[in-house]
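None of the figures in this text is laboratory data; all of them are computed from the coordinates on show. As the structure is a prediction and not an experimental result, all values here were calculated from the model. So basically every Cβ, Gly included, is an ideal-geometry build from the backbone, and we count neighbours across all protein chains shown.
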DNA sequence: ATTATGACCGAAG
DNA sequence: GCTTCGGCCATAA
């Protein structure tokens, strides 16, 4: 595991319940702003939502990125946690992209 | 060092 | 709205 990946995990693990981060935002908090693509790559190798709730990370436009179980399962989990979903899309109000 | 890859992003049609 | 294209970045080989 690389330092960047570790940073990404730490950030993702700090995402509050009922809210979601964008890949770009996670990248920025990880110290590598703009490395959204690299973030997705790191999450792809570790789909442990027990230690890393990767289902709380969505794309900049609110659409789903990827998920081992499929975007539908990811949406179901988010809704279950209290995140509002609009037609396969996360409500902007629930996305933390400061 | 160079090439290839991927859960991305923004602009253009 | 959606699709396509070019550009970004960290990793692996």
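Of note:
- Listed by first and then second residue, the pairs linking a residue in region A:50-76 that is touching a residue at least 40 places away in the same chain (Cβ under 8 Å) and within 15 Å of residue A:89 (Cβ to Cβ) to a residue that is near DNA strand B (Cβ under 6 Å from one of its atoms) and assigned to a loop (DSSP other than H, G, I, E, B), with Cβ atoms under 9 Å apart and 6 or more places separating them unless they lie on different chains, are A:57/A:65; A:65/A:59.
- Any hit, region A:63-76, residues being more than 6 Å from DNA strand B (Cβ to nearest atom), out of contact with any helix residue (DSSP H, G or I) (no Cβ under 7 Å at 6 or more places or on another chain) and within 17 Å of residue A:18 (Cβ to Cβ): yes
- Contact map, region A:24-38: first residue closer than 13 Å to residue A:12 by Cα and without any contact (Cβ under 8 Å) to a residue 24 or more places away in the chain, second residue assigned to a helix (DSSP H, G or I) and more than 11 Å from DNA strand B (Cβ to nearest atom), Cβ cut-off under 7 Å, separation 6 or more or different chains; pairs are A:29/A:11.
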